[in-house]
Amino acid sequence: MAAPNVVNVASIIGKTVYANVTTVASNLVVNSASSNKLFKVNSLIVPNVDGANTSNITVTINRSGTDFKVAHNVAVPSAATLVVVSKDTSVYMEEGDYMRVTAGANNHLHAVCSYEEIS
């Protein structure tokens, strides 16, 4: 089924996911192929929790087997936070789309992502 018409929705459910980002690409947000939902990503915040080292972040959205970069190898200084997606630059994820995060070093970066499930 196609994504719902955002003018005529039955529900909007707010969600937040948290992750410790590693050097192995991992799914952060997944909109399954048969969900009958549209996801609106309102924010993605990536803090560097390491006190001494910069680490890089890559964020992709996969659609139909192709990764599209939202952020590519962006440096996050130690004890700093990068805003990858914000309310004024929100991203819609259709059925079958998933967002993945990858860090340049293990356990330096966290990811906090707030999104809406629209159906």
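Net charge in the neighbourhood of Ser90 (other residues with Cβ under 13 Å of its Cβ; Lys, Arg +1, Asp, Glu -1) is 0. Length available on full extension from Arg63 to Val9: 0.36 nm per residue minus the Cα-Cα distance, which gives 17.1 nm.
Annotation: for a label point projected 7 angstrom from Cα along Cα→Cβ of Thr22, residues of segment 79-104 with backbone N closer than 14 Å are 101-104. Compared with the alpha-carbon gap, the fully stretched path from Ser119 to Ser86 is longer by 9.7 nm at 0.36 nm per residue.
Every number here is computed from the coordinates shown, using simple stated rules; none is lab data. Everything numeric here is computed off the predicted structure, so don't read it as measured data. Positions of Cβ are generated from backbone atoms using ideal geometry, with glycine treated the same way; all protein chains shown enter the neighbour counts.
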